[in-house]
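Right, one structure below, let's go through it.
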Amino acid sequence: MRRLKEANIRVKDVRKVDLKICVCYPGEYRVGMSNLALHILYGLLNSVEWVACERAFYEGGPPLTLENRLSLKNFDVLFFTLQYEMDLPYVLSMLMESGVPVYANDRGAEHPLIIGGGPLVVQNPTPFMEFFDALFIGEVEEIALKLLEALLLVKRRSRDLTPLLDVEGMLLPRVNEGRVNRVYVKDLDKAFYPSMQVIPLSEEPVFGKAFLLESGRGCGWGCRFCMAGYTYRPPRFRSLRKVEEILEEGQVDKLYDKVAVISLAAADHPGFKDILAALRDRGLNYSVPSLRLEKVDAELIELLKEGGQRTFTVAPEVAGEELSRRINKNISPEDVLALASEAYRKGFKNIKLYFMIGLPGEKDEDVIAISQLLENVLKEGFSSVRVTITPFVPKPQTPLQWFPQEPLRSLRRKIRLVLRHVKHKERVLIKIYNPKRALIEAVIARGDSRLSKALLRVAASKDFGLASWRKALKSVLADPESEANKQLPLDSKQPWEVINVGVSKGFLRSEYEKYLRGEETPPCYVRCCSCGVCC
């Protein structure tokens, strides 16, 4: 790992602590340092006196920690935060390059304990369970101390994992029987928050030199394709008082260029405008994620402009009204145009939109409607319209988990259809997510233990390109594309049912059936959605 300049790092003498932990991000530094989970783990674990926590990232060779330049094999525990399906081989590469056996069964008392957490674990841990000694299901803040005490016992008992059985949310692949329940933070105001975040100085993260401010967690809108929307329920918000306390403790107005507001549904916060006004009044620039159209008005657009945001971002996902109703968005093209018009009047010269193609039941007219909507948005006067189009990936823990992914040939045809109907290609800048990558993601997302050998083959090849992935998947699956394009039986047990995220299979099935009928479900802010968590 090359040396990097940073501020706010914590460097402890590892000889004077009881437990040495490394938080590992299986990706590049600039992406990992934009991940809030990494900052939470690093700050939370280092807040315990008898624990030293360091960080490592994937860089293509033997990984060394940034703090003391130690090899991963020198730690008691390695925490991997798992965000994206195609990052999994990087986990195995980091272990191999460090001399740590990749399979849990091959590790002895002299090796670190390997624990995984993050969205992929909550989604479906089965494809990679064999590589981990333990997997954590959910949000760690409230049970962190209990987890650390259990890990210390495991170390003292030469890798006897039984103390971890007493920790909520822990899945032990070789020990657990039955489903493991997701753990979540009940009150964000009482939860640990990393107000003194590490500041990269020699390399700029994705959000720039920005303070990551989580205003809320979870989303209650129930968009039927969105895994995060179901697995991070119930929606919770951090109070304005707590936000101001965090800003003060972190000396944010002195140390950072801007604030990146982090939330699945930022504008749902009852005091969202007050938070933005507080940031503005401190002289801070800020950026926010794409916002739900129903929550955006002229006042909010003005606040975004005052925060230095140059591009207005919105995610309609589809341009056909019936399809929008099916995915539980219920946004019309007229709604998008009205919002775009107001944004332009408030001074935004650029707009960015996100769309999906290949959703179940999508028709050619739905695809062409995307192009027509982009042209109409451009007519509002924008200098450019930036567009990202992503193929639909059926995700576990969602109502669309049973549907097939559309075949590559059909997706390519629909991409051509969009491009053909866009007239002003010099000002409508379209970025297409590679359908081949989406296919791999679909296979892994709904995969089972057979995929572990494919993941290891990609890692061992040291070639993470699409050709390497294709060979690896074909070595364990007769036809990977047919796996992605497969309709799953509604009543069959699926690999991800080893965990319980708090949303019942019956509720997901009822939402699946509503999708087929084109019916909406009100957001869980309005009505109990029967998930057993929100109400």
Kindly provide the set of residues from the range 379-392 that are open to solvent by 10 Å² or more (accessible area, probe 1.4 Å) and in contact with a strand residue (DSSP E or B) (Cβ under 9 Å, 6 or more places away or on another chain), ordered by number. GLU380, SER383, SER384, ARG386, THR388, THR390
Starting from residues that are assigned to a loop (DSSP other than H, G, I, E, B) and touching a strand residue (DSSP E or B) at 6+ places or on another chain (Cβ under 6 Å), keep the ones in the range 164-183 and report whichever is farthest from PRO234 (Cα to Cα). LEU172
Among ARG427, ARG446, which is the only one that is surrounded by fewer than 18 Cβ atoms within 10 Å (Cβ to Cβ) and either at pLDDT 95 or above or not β-branched (Val, Ile, Thr) (or both)? ARG427
List, please: which pairs have Cβ atoms under 9 Å, are six or more places apart or on different chains, and start with a residue in the range 172-192 that is of a type in the set (Val, Ile, Thr) and end with one that is open to solvent by 50 Å² or more (accessible area, probe 1.4 Å)? VAL175/THR162; VAL175/LEU165; VAL180/GLU168; VAL183/GLU142; VAL183/GLU168; VAL185/GLU142
Suppose we filter PRO495, PRO489 for residues that are open to solvent by 20 Å² or more (accessible area, probe 1.4 Å), more than 22 Å from the chain's Cα centre (by Cα) and not aromatic (Phe, Trp, Tyr); which single one remains? PRO489
Condition met for VAL458 (β-branched (Val, Ile, Thr), farther than 26 Å from LEU359 by Cα and open to solvent by 20 Å² or more (accessible area, probe 1.4 Å)): no
Scope the range 263-279; condition of a type outside the set (Gly, Ala, Ser) and either within 22 Å of the chain's Cα centre (by Cα) or at pLDDT 95 or above (or both); matching residues: LEU264, ASP268, HIS269, PHE272, LYS273, ASP274, ILE275, LEU276, LEU279
Checking LYS73 against (1) open to solvent by 30 Å² or more (accessible area, probe 1.4 Å); (2) not in a helix (DSSP H, G or I), which test does it fail? (2)
Of all residues in the range 337-354, which are surrounded by fewer than 21 Cβ atoms within 10 Å (Cβ to Cβ) and in a helix (DSSP H, G or I)? LEU337, ALA338, SER341, GLU342, TYR344, ARG345
Among what's in the range 76-91 and is in contact with a Cys (Cβ under 9 Å, 6 or more places away or on another chain) and without any contact (Cβ under 8 Å) to a residue 60 or more places away in the chain, pick the residue that is surrounded by the most Cβ atoms within 10 Å (Cβ to Cβ). PHE80
Just checking, which of GLY169, GLY218, GLY178, GLY208 is closer than 21 Å to HIS39 by Cβ and either touching a His at 6+ places or on another chain (Cβ under 7 Å) or surrounded by fewer than 20 Cβ atoms within 10 Å (Cβ to Cβ) (or both)? GLY208
Restricting attention to the range 208-215, does a residue exist that is at pLDDT 95 or above, under 18 Å from GLY271 (Cβ atoms) and part of a loop (DSSP other than H, G, I, E, B)? yes
Could you tell me whether the range 236-247 includes any residue that is in a loop (DSSP other than H, G, I, E, B) and in contact with a Pro (Cβ under 7 Å, 6 or more places away or on another chain)? no
Scan the range 357-371 and give yes if some residue there is within 20 Å of THR313 (Cβ to Cβ) and surrounded by fewer than 18 Cβ atoms within 10 Å (Cβ to Cβ), otherwise no. no
Looking for something over 21 Å from the mean Cα position of the chain (by Cα) and polar (S, T, N, Q) - is there at least one such residue anywhere in the range 385-395? no
Output the number of residues of the range 76-93 satisfying the condition of being in a loop (DSSP other than H, G, I, E, B) and over 17 Å from VAL11 (Cα atoms). 3
Test result for SER332, more than 17 Å from PHE237 (Cβ to Cβ) and crowded, with 20+ Cβ neighbours inside 10 Å: no
Return yes when LYS146 is assigned to a helix (DSSP H, G or I) and either under 16 Å from ILE40 (Cβ atoms) or touching a residue at least 60 places away in the same chain (Cβ under 8 Å) (or both) and no when it is not. no
Applying the selection to the range 113-149, what residues are more than 18 Å from the chain's Cα centre (by Cα) and farther than 25 Å from GLY99 by Cα? GLU142, ILE143, ALA144, LEU145, LYS146, LEU147, GLU149
Within the range 3-17, the count of residues that are over 16 Å from LEU41 (Cβ atoms), assigned to a loop (DSSP other than H, G, I, E, B), in contact with a strand residue (DSSP E or B) (Cβ under 9 Å, 6 or more places away or on another chain) and open to solvent by 70 Å² or more (accessible area, probe 1.4 Å) comes to 2
Determine whether the range 223-243 contains at least one residue that is closer than 22 Å to PRO289 by Cα, in contact with a helix residue (DSSP H, G or I) (Cβ under 6 Å, 6 or more places away or on another chain), crowded, with 19+ Cβ neighbours inside 10 Å and among the aromatic types (Phe, Trp, Tyr). no
Out of the residues in the range 92-117 that are among the hydroxyl-bearing types (Ser, Thr, Tyr) and open to solvent by less than 30 Å² (accessible area, probe 1.4 Å), which is nearest to TYR25 (Cα to Cα)? SER93
How about the range 367-475: which helices (runs of 4 or more DSSP H) wholly inside it have at least 2 residues that are closer than 19 Å to VAL121 by Cα and of a type in the set (Phe, Trp, Tyr)? none
List, please: which pairs have Cβ atoms under 6 Å, are six or more places apart or on different chains, and start with a residue in the range 352-376 that is closer than 16 Å to LYS425 by Cβ and end with one that is among the aromatic types (Phe, Trp, Tyr) and part of a strand (DSSP E or B)? ILE370/PHE355
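The values are calculated or read from the model by the stated rules, or taken from the named source; none is laboratory data. No experiment lies behind these values; they were computed from the predicted model shown. Neighbour counts run over all protein chains shown; Cβ positions are idealised from the backbone, glycine included. We work out accessible area using only protein heavy atoms, side chains counted, and drop any ligands, DNA or RNA first. Shrake-Rupley method; radii C 1.70, N 1.55, O 1.52, S 1.80 Å.
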